[in-house]
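The values are calculated or read from the model by the stated rules, or taken from the named source; none is laboratory data. Since we're looking at a predicted model, the values are computed, not measured. Neighbour counts run over all protein chains shown; Cβ positions are idealised from the backbone, glycine included.
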Amino acid sequence: MQKRIVDTAIERGFQPAKSYKILESYVVDGLRSRRPKEIDKDKEKEILANVRNDRSGREKSSEVLAYKVDISSISVADRPRFGSYSSS
């Protein structure tokens, strides 16, 4: 791990023979690609509308809510915001 950090710093201009001063630009993390989100704003609004629609909507499982918008049930279950039933 430390060797990788030192190698990256040297690639970015760190010269330990001249100076041991380490600039942030030598060690700052690069951008990382992330997995695209499965639930976009439109799907989120649709799920919340299904929950807020009536009392039976609040009693639906994550599997049922996910099936209605064609996403995985784990994506719905992992969103704590969907547990909130307020209409705000």
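Please go through segment 47-78 and give me each residue that is buried (at least 16 other Cβ atoms within 10 Å of the Cβ) and part of a loop (DSSP other than H, G, I, E, B), ordered by number.
Listed by number, the residues that qualify are Lys60, Ile71.
What's the total number of residues in segment 30-46 that are among the aliphatic types (A, V, I, L, M) and either assigned to a helix (DSSP H, G or I) or at pLDDT 85 or above (or both)? Let's see the steps before the verdict.
Residues of segment 30-46 that are among the aliphatic types (A, V, I, L, M), as a first pass: 31, 39.
From the residues that got through so far, the ones that are either assigned to a helix (DSSP H, G or I) or at pLDDT 85 or above (or both) too are none.
So the answer is 0.
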